[in-house]
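Inspection log for the structure reproduced underneath, given as structure tokens.
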Amino acid sequence: MKKINKLGIFDSGLGGYSVFKELKTEFFDLDMVLFADQKNAPYGNYSSEKIIELSSNAMGWFLSQGIEDVLLACNTVTSVALDILKVRFPSMRIWGIVDLTVSQVGEGYKKVAMVGTSATVETHAYRDALGRDMIEVALPNLAKMVEDLESEAVIRDEIAKGLVSLDNLDCLVLGCTHYPLVKDVFSSLTDAVIVDSISPIIEFVRGNYNAGMGETRVVTTLDKNRMRHQIEVLYGVIEDVEDVL
């Protein structure tokens, strides 16, 4: 595979920052740009047509910045739009994260469930990638709750409602990059092994990029001060944020 010079990371909101932060920590010389479409977040309850429209706009923005290698750090966009984006933007290399995440679910896990947005669940992308039956549960409000910095008690109630019928799970897949931000809450509500997309993304990038200067940018389509505050509260990091209003 041709190595990445500058990596674009795309998500509708804060979940993409989880990926950005871990990559920044792991690879000090990786040049990358995070584009968070917070103006339209979360994507999970939109129609497929709307998700494709918004993600196409984002790919156009990356091209305007000279970035042709983009990781979709959004399960909803990966599930709904990945194949279409590859056709619409043939000069770009665009990767999704569903296959990467599913790669952690071994045959030893007999009862597997995935929690994600409504749009992700409706595509059955995780079930298809896994190649066998799995339980798919939509948590339609959770991503927005994380974006809005809702209290742990409110978030716990939302997650508990989704998990109430999931007994004796072996593995729970977090099918949204917002969800690792509340992984501790999931862990307190299930004994299942919990997997998310962070580790396989790191391994995907490792060895597949050309060393740069470690130049990074964080860009939002909403308000830079709002995102800066969210990052400080959720990650304990002071981050420079740009907005493209």
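FYI, it's all coordinate maths here, none of it is from the lab. As the structure is a computational prediction, the values presented were derived from the model and not from experiment. Neighbour counts run over all protein chains shown; Cβ positions are idealised from the backbone, glycine included.
A few comments on the model shown:
- Helix 48-64 axis, angle to the chain major axis (alpha carbon atoms, nearest 10°): 30
- VAL137 sits among other residues whose Cβ lies under 14 Å from its own Cβ, and their net charge, with Lys and Arg +1 and Asp and Glu -1, is -2.
- Whole-Å distance, taken between Cα centres, linking the stretch 211-245 and the stretch 100-169: 27
- Overall size of the stretch 179-245 from C-alpha positions, given as principal axis extents largest first: 41, 33, 20 Å.
- Listed peptides 74-81, 132-139 appear in the order 74-81, 132-139 once ranked by packing, highest mean of other Cβ atoms within 10 Å at the front.
- Ranked by how many other Cβ atoms sit within 10 Å of their own Cβ, fewest first, the residues SER118, SER12 fall in the order SER118, SER12.
- Spin-label pair VAL164/GLU232, simplified geometry with 7 Å Cα→Cβ offset, distance in nm: 3.9
- Computed from Cα positions, the angle between helix 224-235 and the longest principal axis of the chain comes to roughly 50 degrees.
- Listed by chain and number, the lysines whose alpha-carbon sits under 19 Å from that of LYS39, ignoring those within fewer than 8 places in the same chain, are LYS50, LYS144, LYS224.
- Modelled spin-label separation between ASP191 and LYS39, with each label point placed 7 Å from Cα along the Cα-to-Cβ direction: 4.9 nm.
- Share of alpha-carbon pairs per 10 Å distance bin for the stretch 89-153, given as whole %: 18, 39, 30, 12, 1
- Proportion of all alpha-carbon pairs of the stretch 99-197 beyond 22 Å (%): 21
- Over all projection directions, the Cα-based convex hull of the stretch 16-93 averages an area of 5.3 nm².
- Across the stretch 173-181, coupling constants 3J(HN,Hα) worked out from phi with the 6.51/-1.76/1.60 Karplus curve, θ = phi - 60°, read 9, 8, x, 7, 6, 6, 5, x, 5 Hz, and Gly and Pro carry x.
- The GluC sites (Glu not before Pro) of the stretch 194-233 that meet both conditions, a loop assignment by DSSP and at most 15 other Cβ atoms within 10 Å of the site Cβ, are GLU215.
- Global size of the chain as Cα Rg and Dmax, reported in angstrom: 17.0, 49
- Charge sum, other residues only, whose C-beta stays under 11 Å from TYR109's C-beta, Lys/Arg counted +1 and Asp/Glu -1: +1
- Summing charges over all other residues whose Cβ lies under 10 Å from the Cβ of TYR126, with Lys and Arg as +1 and Asp and Glu as -1, gives -2.
- Per-residue Cβ neighbour rank within 10 angstrom, fewest leading, THR117, THR25, THR101: THR25, THR101, THR117
- For a paramagnetic label modelled on LEU149 (point 7 Å from Cα along Cα→Cβ), amide N atoms under 20 Å away belong, within the stretch 199-240, to 218-240.
- Convex hull volume of the C-alpha atoms in the stretch 56-98, normalised per residue: 59 Å³.
- Ranking of TYR179, TYR109 by count of other Cβ atoms within 10 Å, fewest first: TYR109, TYR179
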